[in-house]
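Input: a single structure, listed below in structure tokens.
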Amino acid sequence: MKILLLFTLVHVTHQFSLRNFADVPEELLTLVSDDIDDDAFELDSINDIFTKQLENLTNESNVTKTNSTNLRGTNQEEDKDEENKDRKKDKDECPMDGREIFQMKMFWKKGTEWQGSKREKAWCVQCENKCKSGEILRLKQCDEDDKEQWWIFEDCMVKSMLNPDVCITTGEDKEKSGHEGKIELKKCRSKYKKHQRFRSYDPDDVFEKFNFKILSDRKTDDRMCLSSEHHPRSGESLRFFSCKKAYLNDGGKKKKDDTSHWVVGEEFDGH
């Protein structure tokens with residue numbers, strides 16, 4: 001706007017001085033009042049004013065651009081810091097939303113060999129008896145009608161559908177340390193949070209195979225998976241131990257006897 005007024009002023013005063021005009025725009029008078037006397041307002045003076053004002057406007061524009069660039073840089077740095085904080089926080093934060101009910105079956109694919117057989121097997125996680133606190137979990141032939149095989153996945157906890165007050169819990173095997181060893185059912189309580197929260201299926205790809213792991217940012221915990229200690233069979237207890245050992249089995253002699261992966265579903269029924 002200032003530049004437009006200056007150009008206009010230069011044009012109309014080519015033949016006249018400013019005092020010859022009856023009505024001078026108030027904004028124009030304000031713009032030039034500090035630079036020149038109204039009575040001596042001639043073309044040369046206007047040219048001087050125009051040059052000064054153009055320099056001022058250019059400087060103001062450059063300062064604005066510099067401030068804007070600096071602000072953008074600062075905002076980008078702050079956003080990056082926030083992302084890093086969120087990433088660090090997410091290591092032990094639950095990635096799951098909502099509440100789902102599934103059976104959980106040990107993953108089998110064509111070519112898998114368990115107990116010397118390549119025949120398809122369907123082994124599901126089941127309560128030992130009536131899904132009461134203190135019971136260990138075992139593998140049983142999948143039966144979609146057996147309520148002891150249905151589990152509630154909620155807030156990274158896994159609760160029995162038959163008895164929602166109990167959760168799958170680690171660290172109850174007195175012969176082992178930390179999370180390693182057999183798992184059992186225990187009352188769902190905040191004081192057991194570190195032992196009752198797990199990483200399981202991917203919420204964006206629910207029916208893809210997964211490792212069942214402890215929700216933790218500790219590397220030692222991330223190396224452990226839920227599995228059976230041997231090739232799966234009816235009644236085999238479940239426990240946490242080395243993912244690598246569970247994947248290789250048989251001392252690493254075979255690669256077709258993986259017991260470290262699981263799948264969830266709603267119609268697992270029989271071998």
Return a yes/no flag: does the range 180-187 have any residue that is farther than 18 Å from Arg239 by Cβ and either at pLDDT below 95 or not assigned by TED's automatic domain parsing to the domain that holds Arg218 (or both). no
Output the qualifying pairs, or none if there are none: Cβ atoms under 7 angstrom, residues six or more apart or on different chains, first residue in the range 175-199 and surrounded by fewer than 17 Cβ atoms within 10 Å (Cβ to Cβ), second residue modelled with pLDDT of 90 or more. Lys187/Ser133; Lys187/Asp165; Lys187/Val166
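Among the strands (runs of 3 or more DSSP E) confined wholly to the range 95-208, which include 1 or more residues that are touching a helix residue (DSSP H, G or I) at 6+ places or on another chain (Cβ under 8 Å)?
99-106, 123-127, 137-141, 157-160, 166-169, 184-187
Search the range 237-253 for residues being among the charged types (D, E, K, R) and surrounded by fewer than 19 Cβ atoms within 10 Å (Cβ to Cβ), and hand back the single one that is farthest from Gln103 (Cα to Cα).
First, pick out the residues of the range 237-253 that are among the charged types (D, E, K, R): 239, 244-245, 250, 253.
Next, only the ones that are surrounded by fewer than 19 Cβ atoms within 10 Å (Cβ to Cβ) stay: 244-245, 250, 253.
Working: Lys244: 24, Lys245: 24, Asp250: 27, Lys253: 31 Å.
Among those that are among the charged types (D, E, K, R) and surrounded by fewer than 19 Cβ atoms within 10 Å (Cβ to Cβ), it is Lys253.
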Could you list, in sequence order, the residues of the range 114-135 that are hydroxyl-bearing (Ser, Thr, Tyr) and surrounded by 12 or more Cβ atoms within 10 Å (Cβ to Cβ)? Ser133
How about the range 199-213: which of its residues are at pLDDT 95 or above and among the aromatic types (Phe, Trp, Tyr)? Phe210, Phe212
Outside any strand (DSSP E or B) and not aliphatic (A, V, I, L, M): is that true of Phe240 in this structure? no
Restricting the first residue to the range 252-271 and requiring it to be in the same structural domain as Ile214 (by TED's automatic domain parsing), which pairs with a second residue that is modelled with pLDDT under 75 and outside any loop (DSSP other than H, G, I, E, B) meet a Cβ separation below 8 Å and a spacing of at least six or different chains? Asp257/Asp250
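Out of the range 92-117, which residues are farther than 18 Å from Cys156 by Cα and of a type in the set (A, V, I, L, M)? Give the derivation first.
Narrowing the range 92-117 to residues farther than 18 Å from Cys156 by Cα: 106-117.
Within the range 92-117, Met106 is the sole residue that qualifies.
Results for (1) assigned by TED's automatic domain parsing to the domain that holds Phe207; (2) at pLDDT 95 or above; (3) under 20 Å from Val166 (Cα atoms), shown as yes or no for each residue.
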{"residue": "Lys109", "(1), (2), (3)": "yes, no, no"}
{"residue": "Glu113", "(1), (2), (3)": "yes, no, no"}
{"residue": "Gly116", "(1), (2), (3)": "yes, no, no"}
{"residue": "Arg119", "(1), (2), (3)": "yes, no, no"}
{"residue": "Cys131", "(1), (2), (3)": "yes, yes, yes"}
{"residue": "Gln141", "(1), (2), (3)": "yes, yes, no"}
{"residue": "Glu148", "(1), (2), (3)": "yes, yes, yes"}
Could you run through the range 209-237 and say how many residues are in contact (Cβ under 8 Å) with a residue 60 or more places away in the chain, in a loop (DSSP other than H, G, I, E, B) and among the polar types (S, T, N, Q)? 2
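The values are calculated or read from the model by the stated rules, or taken from the named source; none is laboratory data. Quantities reported herein were computed from a predicted structural model and do not represent experimental measurements. Neighbour counts run over all protein chains shown; Cβ positions are idealised from the backbone, glycine included.
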